Amino acid sequence: MGKVISLVSLKGGVGKTTLSASLAAELANHYGKKVLLIDGNYSAPNLGLHMDIISPGNTVHDVLSVSNMGLQGAVHEKYGVDTVPGNFMFEREYSPLKLRQKLTHARKSYDFIIIDSSPSLNEELMSAMFASDSLFIVSTPDYPSLSCSMKIARVARQRGRNVSGIIMNRVLDTKYQITLEEIQETLGIPVVAMINEEKKVARSLYERKPMPLHNKRGQFSREVRRLCASLTGLKEKRSFFREFFGRFSKEEVNREVLRENFYNSIFEN
Ligand SMILES: Nc1ncnc2c1ncn2[C@@H]1O[C@H](COP(=O)(O)OP(=O)(O)OP(=O)(O)O)[C@@H](O)[C@H]1O
Ligand SMILES: [Mg+2]
């Protein structure tokens, strides 16, 4: 049974869509997993643009508006990932909260189902939250993003949803940013990836190709690869020197815990 993961935040522009596309591309291409990627940002869907799906036929909106239509009817295969994009121009009624039920069948055909979500605290976000086994909060290292992350962590907790970790994105080498320790202490949730602000992300979006396929060697893609290793239950590759001297960063240690918790507890159920 495939596991459903949503990338969530109440702050726009922190990188949910960029990272959803990147995790999906990496899990499919580097780890050989079968991945379904869904645009859960129904009012501003742009996941298709990240996956080079420009004018899709059926979309997630059709699936959520037609009672007997399954997600398979809106799949567009690109970069080794089955993507269900959204439709910016959709004008009929649709029911976001039906997503969970629509996933029942899809779970049997995929290893991972990744949902890119909306930053609005309404039915759209709830659609992703209720459909997921596990949430990852995407945050940037600044106070406005931290306060939004606090709020979404509380919402998730109140609704009994499981938050597996925080992905810190757009990290800069400056003292004017919140540290990993600060964010972990405030939220009580482990930071499982620290992804730098990288200029190449703009080009990858311009070329509509997820970062791990556009620029394999940069810090962004390496960190995405390490996070995906934990999700698939694999140990991270480390140099002999670092393994021997046990020089691990805090996020590496957190990923080790994630690997054990996420893979063992979720996948063996
Ligand atoms: N690590 C990064 N380095 C540089 N630019 C980045 C990085 N991550 C994301 N971006 C850029 O930030 C912008 C916002 O990213 P993205 O659309 O993924 O955010 P989002 O959280 O999905 O936003 P929204 O909530 O509005 O859907 C994009 O232009 C993207 O290319
Ligand atoms: Mg987005």
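No lab work stands behind these numbers, since they all come straight from the coordinates. Fair warning: this is a prediction, and the values are worked out from it, not measured in the lab. Neighbour counts run over all protein chains shown; Cβ positions are idealised from the backbone, glycine included.
Using a 10 Å cut-off around each Cβ, can you sort PHE136, PHE262 from fewest to most neighbouring Cβ atoms?
Working: PHE136 27, PHE262 23.
Going from least to most buried by this count: PHE262, PHE136.
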Counting only other residues whose beta carbon sits under 10 Å from that of HIS30, what net charge do I get with K and R as +1, D and E as -1?
+2
Using Cα centres only, tell me the gap between segment 83-123 and segment 1-75 in whole Å.
8
For the chain, give me the percentage of DSSP beta bridges that are antiparallel, rounded to the nearest 5 percent.
10
List LEU47, LEU97 from most exposed to least, where exposure is judged by having the fewest other Cβ atoms within 10 Å.
LEU97, LEU47
Taking DSSP loops as anything outside H, G, I, E and B, show the longest stretch in the chain free of trypsin sites (Lys or Arg not before Pro) there with at most 12 other beta carbons within 10 Å.
1-91
What residues from segment 126-151 fall in the zone where the backbone N is under 17 Å from a label point 7 Å along the Cα-to-C-beta line of LEU97?
126-132
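Report the local net charge at ASN41: Lys and Arg +1, Asp and Glu -1, summed over other residues whose C-beta lies under 11 Å from its C-beta. List each step's numbers first, then the result.
Values: positive: LYS16; negative: ASP39, ASP116, GLU124.
Summing Lys/Arg as +1 and Asp/Glu as -1 gives -2.
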Using the Karplus curve 6.51 cos²θ - 1.76 cosθ + 1.60 with θ = phi - 60°, what ³J(HN,Hα) values do you get for each residue of segment 7-16, in whole Hz, with x for Gly and Pro?
9, 10, 5, 9, 10, x, x, 8, x, 4
Dividing the helical contributions, -39500 (n - 2.57) per DSSP H run of n ≥ 4, by the residues of the chain yields a 222 nm value, nearest 500 deg cm²/dmol, of -11000 deg cm²/dmol
Hey, got the dipole for the chain? About the Cα centre, +1 on K and R Cβ, -1 on D and E Cβ, debye to the nearest 20?
440
Net charge near LYS3, counting Lys/Arg +1 and Asp/Glu -1 over other residues with Cβ under 9 Å of its Cβ?
-1
Expected max-MSF residue from SER65, SER118, SER22 in the GNM of the chain (alpha carbon, under 10 Å) is SER65
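For the chain, count all C-alpha to C-alpha pairs, find those more than 34 Å apart, and express that count as a whole percent of the total. If you can, show how the numbers build up before the last one.
Details: 4322 of 36046 pairs.
Counting every Cα pair in the chain, those more than 34 Å apart make up 12 percent.
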Most mobile of GLN158, GLN72, GLN177 per a Gaussian network model of the chain (Cα springs, under 10 Å)?
GLN158
Report the residue, chosen from SER221, SER145, SER249, that carries the largest GNM mean-square fluctuation when the chain is represented by alpha-carbon nodes joined by springs under 10 Å.
SER249
